[in-house]
Amino acid sequence: MKSIVEQKTLALNGDEAVAYAVKQSDVDVVAAYPITPQTIIVERFSEYVANGEVETAFVCTESEHSALTACLAASLTGARTFTASASAGLALMHEMLFVTSGCRAPVVMAIANRALSAPINIHGDQSDTMAQRDSGWIQIYAENAQEVYDSVIQAFRIAEHPDVLLPAMVCLDGFQLSHSVENVNVLPDEVVKKFVGVRKFPLVLTHEGRMAPLKLDPENPMTMGPLAFPNYYFEFKRQQEEAMKNALRVIREVHDEYAKISGRSYGDGLLDPYFLEDAEIAIVCLGSTAGTVKTVADDLRTEGIKAGLLRIRTFRPLPVDGIKRALKHVRAVAVMDKSMSFGGFGGAVFHEVRHALYDLDEKPLAVNYIYGLGGRDTSPMQIRMIYKDLQEILAKNRVETPVKYVGLRE
Amino acid sequence: MQSEWKFTAKDIAEKPDLFMSGHRACAGCAPATVMRLIMKALRGPTIVTQATGCMEVVSTIYPYTSWAVPWLHTAFENAAANASGIEAAIKMLKKKGRIKHEHVDVIAIAGDGGTYDIGIQALSGAVERGHDFLFVLYDNEAYMNTGIQRSGGTPLGASTTTSPAGEVIPGKLEPKKPIADIMAAHEIPYVATASPYYWRDLITKVRKGLEVEGPAFLHVFSPCPRGWRSDPAKSIELSRLAVETCVFPLWECVNGEYQLSAPSKVIAMAPQKKKPVREYLAVQGRFRHLFTPKYEKLLDEIQRITDQRWQKLLKKCGIA
Ligand SMILES: Cc1ncc(C[n+]2csc(CCOP(=O)(O)OP(=O)(O)O)c2C)c(N)n1
Ligand code: SF4
């Protein structure tokens, strides 16, 4: 591909890859509050600010709640904004996550996934972001530091797209990605700047009867974040759902456009399949675990076992049709969840994937594996066990235990 | 930036209302009057952001609005964080040439709940960071929007729905938190108190708060006839009585220097003009129980605390 631009290779951990992408994306306001394993993002970015390497106002707030609030307000004032958080910090933002999506503010946030208390645990699992899946944010889960970098840049374009106008989070597994150094190819500054462009604003009808850009602008007074009674509220929420539907298309388009420049693609931007076309058994997972699953799938393939992987890159919006299409020929599917839904029936990813499969005439057998909570290591051997389980399920043609735990002392 | 606006009654009358009629506040709502007066002090492009509470709820019922300026509400506890974000955005967008305004004033407005209680963290953080905005606290001394619950701004002895006067408890047991002094202790450039009865003083203080560079805090006394069980026709009179009894003295703290404002200075100079607190309490249903033999002692306690705080203030102002 000729159009691929020349790139530098830097040794970066996932957090640094985020900071680097933000630095290149012409962000106007960053407001943040530190929490492990996200802290490096804020620290690196502070250095860029201190050295005059970015034209960004950095607001080091007194809490995550205020950090997201400041980003939201700045975004509605017309700024491109970014924040980062994890775990307890994300939980503290919970209220504002809904306000941000409800106000249609395209804030971008990186989450270095981390377990929630109690007991306190600073290590990686996805309980924090899964708990926010209904908050109206786009959620992209990256597999490695390279994808983290690429996804942050794409996220600005996706979130700010006039058909979307929704906040977006890029999720990277705590420590596995946030703190592990990898080779990351980075685009030249000008290329990223041109790709993200200058933020545009859709025109809306103001209460004074004029068409004006959707932002807080003294020339065109607008009331944002008002009170809506039952006679209007529902319609606002329906519009958010429409925006999520549009996001499915926009995520793909932005991903493809970026691929042409960078030479890097992740499936269709929504789903990233691996050896799936002719797979009999498949694992579905999010994030960095996919790397481990791939190496195991490689081995199994050399052994003649038709093992595949479907990595869900975009969990919100969930590419339901894509999941159905990708898995319809697979006979047994293992869905991996790095979070729990206490008292429910398996983890969040399982809920949704199994639910999507329900409409198929011939459904794959589906089983759930809860794994890696609080940073518990997941080995290739365990992944191999999961594939082996799937083979047994196939042999018996039924799922005996639909929800299982991997790597747990029972 | 210096003001070009000459401050006369005629100017104020001629200045268009930027907080417009048609809102759904109760009859006699002093906070609504306060909103209107605040907006009379504007000097140019302004963005207003507001916490959840009565004034937000009555003025922005979709698809209607009372605000003729850009206006933002996000939540209850974070008006100051909104202001931080707006201010940071404006500064950077201006630097990048993406907005044409030389300067945009930012005003954050919140009730006592959104300031004394749930909002104090965001407020303290925002002023510590030195954002250039004016925070206006309209103090109706309880959570009115949710049905008159006590706040840190509710005065001693007031009956609210979560500090009701009962057989053994005489309403709220604690005195009002000295919020303006707490803000002054942040060593910000401008802190003041105001009352809608002294409207000229109030408007002047809003303007000063806007003109100052850095954070400014204005504490505005704001009777709520519904929550105070007072005559809707008497809200403005109560606004005067609170000053005359020294329950709510008027002062400014400019760069750390306290000074009494004219209406309170008059009382400092002629202490015989200072009215007894009972006169102020007697016309409000929320203090009715204090005028029964059982709880009467509390009246003296309220007078004592009022006097003590007044003496402290005089000292800070270099008087007495
Ligand atoms: C986090 C949160 N907790 C509680 C509420 C409910 N609530 C909305 S307004 C309000 C009270 C507002 O009181 P105040 O700030 O004094 O303003 P007022 O209504 O008296 O004008 C409360 C408790 C809320 N909106 N958000
Ligand atoms: S309850 Fe009180 S503060 Fe609220 S609108 Fe009515 S009078 Fe005003």
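The values are calculated or read from the model by the stated rules, or taken from the named source; none is laboratory data. These numbers were taken from a predicted model, which means no experiment stands behind them. Every residue, glycine as well, gets a Cβ built from its backbone with ideal geometry; the counts of neighbours run over all protein chains shown. In case anyone asks, the SASA skips ligands and DNA or RNA and just uses the protein heavy atoms, side chains included. Shrake-Rupley method; radii C 1.70, N 1.55, O 1.52, S 1.80 Å.
Amide H to amide H, which residues 5 or more places from B:Trp251 or on other chains are under 5 Å from it, using H placed in the peptide plane? The answer is B:Thr193, B:Ser261. Principal axis extents of the C-alpha atoms in the protein assembly as shown (largest first, rounded to whole Å): 101, 59, 44. Only one residue of B:Val127, B:Leu137, B:Ala110 has its Cα farthest out toward the positive end of the dipole of region B:90-137, where Lys and Arg carry +1 and Asp and Glu -1 on Cβ, and that residue is B:Val127. Legend: calculated FRET efficiency, A:Glu241 to B:Glu187, from the Cβ-Cβ distance at R0 = 45 Å, rounded to 0.05, equals 0.40.
With the Cα gyration tensor of region B:1-113 giving a ≥ b ≥ c as the square roots of its eigenvalues, does the rule (a/c under 1.5 for rounded; else a/b larger than b/c for prolate; else oblate) give rounded, prolate or oblate? Cα axes put region B:1-113 in the oblate bin. Of all the options B:Glu279, B:Glu252, B:Glu244, the one that moves most in a Gaussian network model of chain B with Cα springs shorter than 10 angstrom is B:Glu279.
Toward the positive end of the charge dipole of region A:182-323, about the Cα centre and with charges on Cβ (Lys, Arg +1; Asp, Glu -1), which of A:Val254, A:Asn220, A:Val196 goes farthest? Value computed over the given set: A:Asn220.
Among the GluC sites (Glu not before Pro) in region B:73-157, those placed in a DSSP loop whose Cβ has at most 10 other Cβ atoms within 10 Å are B:Glu102. Solvent-accessible surface of chain A, averaged per residue with a 1.4 angstrom probe and all protein chains in place: 40 square angstrom.
Qualifying trypsin sites (Lys or Arg not before Pro) in region B:43-133, where qualification requires a DSSP coil assignment and no more than 11 other C-beta atoms within 10 Å, comprise B:Lys100. For region B:53-73, accessible area lost to neighbouring protein chains reaches 40 Å² or more, against the chain alone with a 1.4 Å probe, at B:Ile61, B:Tyr62, B:Thr65, B:Pro70, B:Trp71, B:Leu72.
What separates the Cα centres of region A:394-410 and region A:230-305 is a distance of 25 Å. Answer rounded, prolate or oblate for chain B, using the Cα gyration tensor with square roots of eigenvalues a ≥ b ≥ c: rounded when a/c is under 1.5, else prolate when a/b is larger than b/c, else oblate. Prolate shape, in that a/c is at least 1.5 and a/b is the bigger ratio. Once the gyration tensor of the Cα atoms in region A:1-115 is diagonalised, the equivalent ellipsoid follows with semi-axes of 24, 17, 14 Å, ordered largest first. A simple spin-label model places pseudo-atoms 7 Å from Cα toward Cβ; at A:Glu53 and A:Glu253 they are separated by 3.3 nm. Accessible surface computed residue by residue for chain B, with neighbouring protein chains in place and a 1.4 Å probe, gives 40 Å² per residue. Residues of region A:1-42 that lose at least 50 Å² of accessible area (1.4 Å probe, protein heavy atoms only) when the other protein chains are present, relative to their chain alone, are A:Asp28.
This model, with +1 at the C-beta of Lys and Arg and -1 at the C-beta of Asp and Glu, gives the protein assembly as shown a dipole about its Cα centre of some 1860 debye. One decimal place: the segment B:Lys297-B:Asp17 gains 96.2 nm when fully extended, by the rule 0.36 nm per residue minus the C-alpha distance.
Subtracting the Cα-Cα distance of A:Glu277 and A:Gln382 from 0.36 nm times their residue separation leaves 35.4 nm of extension gain.
Starting from the Kirkwood radius over alpha-carbon pairs of region B:161-225, derive D by Stokes-Einstein at 4 °C in a medium of 1.567 mPa s and give it in µm² s⁻¹. Estimated via Stokes-Einstein, D reaches 92 µm²/s.
A 18 angstrom limit on the alpha carbon distance is what I want to check against. Which of A:Lys215/B:Lys94; A:Lys194/A:Lys245; B:Lys91/B:Lys205; B:Lys176/B:Lys315 exceed it? Exceeds cut-off: A:Lys194/A:Lys245; B:Lys91/B:Lys205; B:Lys176/B:Lys315. Restricting region A:262-321 to GluC sites (Glu not before Pro) that sit in a DSSP loop and have at most 15 other Cβ atoms within 10 Å of their own Cβ leaves A:Glu277, A:Glu303.
Its Cα centre serving as origin, region A:83-218 has a Cβ charge dipole (Lys and Arg +1, Asp and Glu -1) of approximately 460 debye.
Please give me the summed charge of the neighbours of B:Arg304: other residues whose Cβ is under 13 Å from its Cβ, Lys and Arg +1, Asp and Glu -1. Net charge in that neighbourhood comes out at +1.
When only alpha carbons are used to place a centre, region B:104-147 and region A:1-64 end up 31 Å from one another. Computed from protein heavy atoms with a 1.4 Å probe, the total accessible area buried between A and B is close to 3300 Å².
Approximating the spin labels as points 7 Å out from Cα along Cα→Cβ, the A:Ser265-to-A:Glu208 distance works out to 4.8 nm.
To the nearest 20 Debye, how big is the dipole of chain A about its Cα centre, given +1 on the beta carbon of each Lys and Arg and -1 on that of each Asp and Glu? Display every interim value, and only then the final one.
Values: 42 positive and 52 negative charges, 152 e Å.
Result for chain A is approximately 740 debye, rounded to the nearest 20.
Given R0 = 25 Å, the distance between the Cβ atoms of A:Asn185 and A:Asp299 translates into a calculated FRET efficiency of 0.35.
Once you have the Kirkwood Rh of chain A from its Cα pairs, apply Stokes-Einstein at 37 °C and 0.692 mPa s and quote D in µm²/s.
Working: Rh = 21.8 Å.
After rounding, the answer is 151 µm²/s.
Please name whichever of A:Ala131, A:Ile120, A:Val99 sits farthest to the positive end of the charge dipole of region A:74-184, dipole taken about the Cα centre and charges placed at Cβ: Lys and Arg +1, Asp and Glu -1. Looking along the dipole axis, the top candidate is A:Val99.
Apply 1/(1 + (r/R0)^6) to the Cβ-Cβ distance of A:Glu43 and A:Asn231, taking R0 = 41 Å, and write down the FRET efficiency to the nearest 0.05. That pair, A:Glu43 with A:Asn231, gives E of 0.30. Here B:Lys274 is the anchor, and the aspartates and glutamates within straight C-alpha reach of less than 14 Å, apart from those fewer than 8 places off in the same chain, are B:Glu244, B:Asp307. One equal scatterer on each Cα of region A:124-198, no solvent, Debye formula: the resulting log10 I(q)/I(0) at q = 0.11, 0.18, 0.25 Å⁻¹ is -0.32, -0.81, -1.17. Once you have a ≥ b ≥ c as the square roots of the Cα gyration tensor eigenvalues for region A:89-141, tell me rounded if a/c is under 1.5, and otherwise prolate or oblate according to whether a/b is larger than b/c. It is prolate, given that a/c is not under 1.5 and a/b is the larger ratio.
The residues neighbouring A:Ile40, those whose beta-carbon lies less than 15 Å from its own, together hold a net charge of -3 under the Lys/Arg +1, Asp/Glu -1 convention.
In region A:197-211, which residues have a backbone nitrogen under 15 Å from the label point lying 7 Å from B:Lys100's Cα in the Cα-to-Cβ direction? Within reach of a label on B:Lys100: no residues. In region A:72-106, burial by the other protein chains removes 40 Å² or more of accessible area from A:Ala73, A:Thr77, compared with the chain on its own (1.4 Å probe, ligands and nucleic acids ignored). Surface composition of the protein assembly as shown: carbon and sulfur atoms hold 54% of the protein heavy-atom accessible area at a 1.4 Å probe. Rg and Dmax over the alpha-carbon atoms of region A:195-312 stand at 22.3, 70 Å. In this simple spin-label approximation, B:Glu174 and A:Ala11 carry label points 7 Å from Cα along the Cα→Cβ vector, and these lie 5.5 nm apart.
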